[in-house]
Amino acid sequence: MNKLDVKTLNTLLSTFGPSGNEGAVREFIKSEIEEHVDEVQIDALGNLIARKKGIGKKIMLAGHMDQIGLMVTYIDKEGFLRFTNIGGVSPTISLSQRVVFENGTIGVIGSEHLESVKDLKLDKMYIDIGASSKEEAEKIISIGDVCGYHNPPIIDDLKVISPSLDDRIGCYIMMETIKNLKESPNDLYFVFTVQEELGLRGARTSAYRVEPDIGIAYDVTMTGDTPKARTMSLKMGEGFAIKAKDNSMISHPGLKNHLVKEAKNQNATYQIEVLEFGGTDSGAIHLSKEGVPSSVISIPTRYIHSTCEMVSNKDVLGAINYSTKLLTKEFDF
Ligand code: CO
Ligand code: ZN
């Protein structure tokens, strides 16, 4: 594969899916992959589990469907909405951004008058949907409603920009891998998980159900390549990354070595990732039941958890081609 499927990726990135509200994303992914897999299940929490049957090891591939968001906590008499965070939401990044609710309502995030930007906290901020009273706002929005950043995707020849790349880009890589993969000796479970941003919740229950022999998550990771960025060796555009560690797990050495060996065999451009904070679904998978050797294939991403997360097309395509070939072979370590 040498070009992104712009139409599919655009729809996937534009679909509403803050944590706990992944239904529309799940329906879209299901419709895209159904004919390419042997069975599709949806578990009690909403994880989408697509199996490509094989006689070998059970391998669980996981990418999370959810994205960070905001939930309405209070509507004041002027019609402004107070909110709480769903996942890692930064006040400074959120200021003056647009948000979209499931019913299509668009709002903007504003803040009280503050003497210093240091005082900018989520509880000083509100969502303005243009309503002039509580009654008017309540006709469209209720307490407990959820919204996500609204910023239509940009996909050009170099890069993709979207607030939902974390982790729709992981879902996209899995979807394309499913479509491209012909034969595999492995028993493959592609799991599109829910509620990762709230603490790897969907991965925990789905790993319990699948009972995999090996776990591999697909997720975004940070880079150290922007001006005066925190020191980190990953660069956008220099290949997908094989994780050594993050805050949720240390990659199983055997599996990590296997992933590296395969990357070398394929002449794939890859990097090794050491992330000093954060976690992915593999953090939950590797601790399920009696333990599961796990690792992560990451996409170096700039501006994570913002309205303009950015990845390089090269890294995404590299990850798809690598994964497709990787899964056609047995995992011997
Ligand atoms: Co995230
Ligand atoms: Zn993620």
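The values are calculated or read from the model by the stated rules, or taken from the named source; none is laboratory data. Quick caveat: nothing in here was measured; it's all calculated off a predicted structure. With ideal geometry, Cβ positions are generated from the backbone for all residues, glycine too; neighbour counts draw on all protein chains shown. Please note that ligands, DNA and RNA were not included when accessible areas were found on the heavy atoms of the full protein model with its side chains. Shrake-Rupley method; radii C 1.70, N 1.55, O 1.52, S 1.80 Å.
GluC sites (Glu not before Pro), restricted to segment 86-116: which are DSSP loop and have at most 13 other Cβ atoms within 10 Å?
GLU112, GLU115
Would you calculate the separation in nanometres between label points at GLN266 and LEU120, each defined as 7 Å from the Cα along the Cα-to-beta-carbon direction?
With each label placed 7 Å out from Cα toward Cβ, I get 4.0 nm.
Could you give me the ³J(HN,Hα) list for segment 140-146, computed from phi with Karplus coefficients 6.51, -1.76, 1.60 and θ = phi - 60°, whole Hz, x at Gly and Pro?
Those phi angles translate into 10, 10, 10, 4, x, 5, 10 Hz.
Say the dipole of the chain comes from +1 at the beta carbon of Lys and Arg and -1 at that of Asp and Glu; which of SER14, ILE169, ILE55 then lies farthest toward its positive end?
About the Cα centre, the residue reaching furthest to the positive side is ILE55.
What size of dipole, in debye to the nearest 20, comes out for segment 82-149 about its Cα centre when the only charges are +1 on Lys and Arg C-beta atoms and -1 on Asp and Glu C-beta atoms?
Approximately 180 debye in magnitude.
Which of these, LEU114, LEU12, LEU95, has the largest mean-square fluctuation under a Gaussian network model of the chain (Cα springs below 10 Å)?
Of LEU114, LEU12, LEU95, the most mobile in the Gaussian network model is LEU114.
Taking only DSSP H segments of four or more residues, each worth -39500 (n - 2.57), what value at 222 nm results for the chain once the sum is divided by all its residues, to the nearest 500 deg cm²/dmol?
-7500 deg cm²/dmol
Remind me, relative contact order of segment 197-326 in percent, using alpha carbon pairs under 8 angstrom and six or more residues apart?
36 percent
If you place +1 on the Cβ of every Lys and Arg and -1 on the Cβ of every Asp and Glu, how big does the dipole about the Cα centre of the chain come out, in debye to the nearest 20?
Charge dipole, the chain, about its Cα centre: 860 debye, nearest 20.
For the chain, with the dipole built from +1 on Lys and Arg beta-carbon atoms and -1 on Asp and Glu ones, taken about the Cα centre, which of MET1, HIS64, ILE140 lies farthest toward the positive end?
About the Cα centre, the residue reaching furthest to the positive side is MET1.
Taking +1 at the Cβ of each Lys and Arg and -1 at the Cβ of each Asp and Glu, which of LEU259, TYR126, SER294 sits farthest along the dipole of the chain towards its positive end, judged by Cα position relative to the Cα centre?
Value: LEU259.
I want to verify a result. In a Gaussian network model of the chain, Cα cutoff 10 Å, which of these has the top mean-square fluctuation: THR177, THR11, THR231?
Among THR177, THR11, THR231, the largest mean-square fluctuation in the Gaussian network model of the chain belongs to THR231.
Over the chain, what relative contact order in percent results from Cα pairs under 8 Å that are six or more residues apart?
The normalised contact order for the chain reaches 23 percent.
Hey, what's the chain come to in accessible area per residue, 1.4 Å probe, Å²?
Accessible area per residue, the chain: 43 Å².
Based on Cβ point charges of +1 for Lys and Arg and -1 for Asp and Glu, what charge dipole magnitude is obtained for segment 250-333 about its Cα centre, in debye rounded to the nearest 20?
Dipole size: approximately 240 debye.
What range in the chain is the longest one free of trypsin sites (Lys or Arg not before Pro) that are in a loop by DSSP and have at most 13 other Cβ atoms within 10 angstrom?
231-288
Pick out which of PHE277, PHE83, PHE101 has the largest mean-square fluctuation in a Gaussian network model of the chain, springs linking Cα atoms closer than 10 Å.
Judging by the Gaussian network model, the answer is PHE277.
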